[in-house]
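Trainee: Can you keep this structure in mind? I'll have questions shortly.
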Amino acid sequence: MRGRNLLYIIGYFAGVFVLLLGAVFYRQPLITVLILLMLLLPVISITLTRAAMKKLSIEVIMPEGELYMPCDMNVTVRLNNSSVFPLLNCGMDFRFRNLYFHEPPLQELILPAEAKSHHDFKLPFSLGAAGMFEFSVDAVYVTDYLHFYSSRLPFTFHRELPVLPQKCELPPLNLTKALIESDESENSEEGELTRDIKQLREYRPGDRIKDIHWKMTAKTDDVSVKEYERSKDLYYLILPELDINYLQQGLSVFYSLGLKLIKERESFRVAIYHPGDKSFDMYRISDEEDLLQAVYRLYLEPVEKISTAMESFDNQYPEMQGLIRINNGALMMPDAPEIY
């Protein structure tokens, strides 16, 4: 039962009470029959509704693929009532929001489900900002014809829909590559180890088992270990510093820069900042699918009023050179003025 049902119940039985007073005062048998009928109607209404709702099915249909802001979209709610009884008061509590912003209050949608038919109801939304949009259904309920009782259906729905930022024009750029550990490297006290074998040597305490050269060990009966060359790689490294005031501009510049580098067949990396624990994930981007995944990952991170990404990056990677920053919605290089 929902709170509003109580008002209908009170009003209904207030009417029954007035009729009862009339029956006592005027001694009319027809009024007594009407009172008895009114007392039976709530039971009939609730029974028929609960029987019909067992044959009601609900489906929520959302757009597929990527959307670009600004855009309009529809969420379709499909009701299929195979019962011979109509369900005129089907209610749905839902939310539609951008995960970057505060959670809005629940909205309510009242739909009729006619007997032996199915209908599509379209919910139009206008999207004016990039981000991960979430459509969720918290509850679906059916109210009987007299609004006495609302039965909840076992139906919930949750779907996230990414909306990509607008592309912007970037000027010719003279970007610097950063010195970054290779994807295939392994850390050691002496630097980064590539997968290129420099030489074989005898086993030393502390060497990793996976570095043992098993074929040579089997031939010589002495444990031989692979020693690797040491090197570093150069990549473009992009750090999106997203804050609430320049969020959309920053997303637009980041997405446009990524597309530009991919078009120029440049492989690059993105440092995704986690404000909660001030850590970073490095994502290697080689095609548009990788770029989309990085954008979606950004969408799931909370946005600070003033980004602390650069401060945390300096603390964790003090010797990193050539970092490309997206700060205050603009593209910047270290120790250089804003260039876009």
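The values are calculated or read from the model by the stated rules, or taken from the named source; none is laboratory data. Note that the structure is predicted; figures quoted are calculated from it, not measured. Here Cβ is always computed from backbone atoms with ideal geometry, including for glycine, and neighbour counts include all displayed protein chains.
Trainee: If I filter the range 1-19 down to residues being in a helix (DSSP H, G or I) and touching a residue at least 60 places away in the same chain (Cβ under 8 Å), which single residue comes out as farthest from the chain's Cα centre (by Cα)? Lay out the reasoning, then the answer.
Mentor: Let us first name the residues in the range 1-19 that are in a helix (DSSP H, G or I), namely 3-19.
Retained after the next criterion (residues that are touching a residue at least 60 places away in the same chain (Cβ under 8 Å)): 4-5, 8-9, 12.
Numbers: R4: 33, N5: 35, Y8: 39, I9: 41, Y12: 45 Å.
Residue satisfying both the conditions and the ranking: Y12.
Trainee: How do the pairs read when you match residues in the range 133-152 that are outside the structural domain of V60 (by TED's automatic domain parsing) with residues anywhere that are not in a strand (DSSP E or B), using Cβ under 6 Å and keeping only pairs 6 or more apart or on different chains?
Mentor: Sorted first by the residue in the range 133-152, then by its partner, the list stays empty.
Trainee: Output yes when any residue across the range 56-77 is within 16 Å of S150 (Cα to Cα) and assigned by TED's automatic domain parsing to the domain that holds Y149, and no when none is. Quick ask: steps written out before the conclusion?
Mentor: Going residue by residue through the range 56-77, those that are within 16 Å of S150 (Cα to Cα) are 56.
When the remaining residues are screened for being assigned by TED's automatic domain parsing to the domain that holds Y149, the result is 56.
Yes, that holds for at least one residue.
Trainee: Could I ask something else about it? For the range 52-63, which positions are surrounded by fewer than 15 Cβ atoms within 10 Å (Cβ to Cβ) and either among the small types (G, A, S) or farther than 29 Å from V142 by Cβ (or both)?
Mentor: Residue satisfying the conditions is S57 alone.
Trainee: Only one residue in G65, G22 is of a type in the set (G, A, S), part of a helix (DSSP H, G or I) and at pLDDT below 90. Which one? Let's see the steps before the verdict.
Mentor: Working: G65 fails: part of a helix (DSSP H, G or I).
Within the list G65, G22, the selection yields G22.
Trainee: Outside any helix (DSSP H, G or I), out of contact with any helix residue (DSSP H, G or I) (no Cβ under 6 Å at 6 or more places or on another chain), exposed (fewer than 15 other Cβ atoms within 10 Å of the Cβ) and of a type in the set (D, E, K, R) - does that describe any residue in the range 44-51?
Mentor: The answer is no, given that none of the residues of the range 44-51 is outside any helix (DSSP H, G or I), out of contact with any helix residue (DSSP H, G or I) (no Cβ under 6 Å at 6 or more places or on another chain), exposed (fewer than 15 other Cβ atoms within 10 Å of the Cβ) and of a type in the set (D, E, K, R).
Trainee: Counting only residues that are surrounded by 11 or more Cβ atoms within 10 Å (Cβ to Cβ) and of a type outside the set (S, T, Y), which one in the range 25-35 is farthest from Y149 (Cα to Cα)?
Mentor: Taking the range 25-35 as the starting set, the residues that turn out to be surrounded by 11 or more Cβ atoms within 10 Å (Cβ to Cβ) are 28, 31-35.
Okay, now just the ones that are also of a type outside the set (S, T, Y), so 28, 31, 33-35.
Details: Q28: 31, I31: 26, V33: 24, L34: 22, I35: 20 Å.
This residue is Q28.
Trainee: On to the next question. Restricting to the range 291-327, and then to whatever is touching a Ser or Thr at 6+ places or on another chain (Cβ under 9 Å) and without any contact (Cβ under 8 Å) to a residue 60 or more places away in the chain, can you tell me which residue is surrounded by the most Cβ atoms within 10 Å (Cβ to Cβ)?
Mentor: Start the filter on the range 291-327 by keeping residues that are touching a Ser or Thr at 6+ places or on another chain (Cβ under 9 Å), which leaves 312, 316, 321-324, 327.
Restricting the remaining residues to those that are without any contact (Cβ under 8 Å) to a residue 60 or more places away in the chain gives 312, 316.
Details: S312: 18, Q316: 12.
Per the stated criteria, the residue is S312.
Trainee: For the range 232-257, what are the residues that are farther than 19 Å from Y296 by Cβ and either β-branched (V, I, T) or not in a helix (DSSP H, G or I) (or both)?
Mentor: If the condition is that a residue be farther than 19 Å from Y296 by Cβ and either β-branched (V, I, T) or not in a helix (DSSP H, G or I) (or both), then K232, D233, L234, Y235, Y236, L237, D243, I244 are the ones that fit.
Trainee: Kindly establish whether E66 is in contact with a helix residue (DSSP H, G or I) (Cβ under 8 Å, 6 or more places away or on another chain) and either among the acidic types (D, E) or under 13 Å from L161 (Cβ atoms) (or both).
Mentor: It is true that E66 is in contact with a helix residue (DSSP H, G or I) (Cβ under 8 Å, 6 or more places away or on another chain) and either among the acidic types (D, E) or under 13 Å from L161 (Cβ atoms) (or both).
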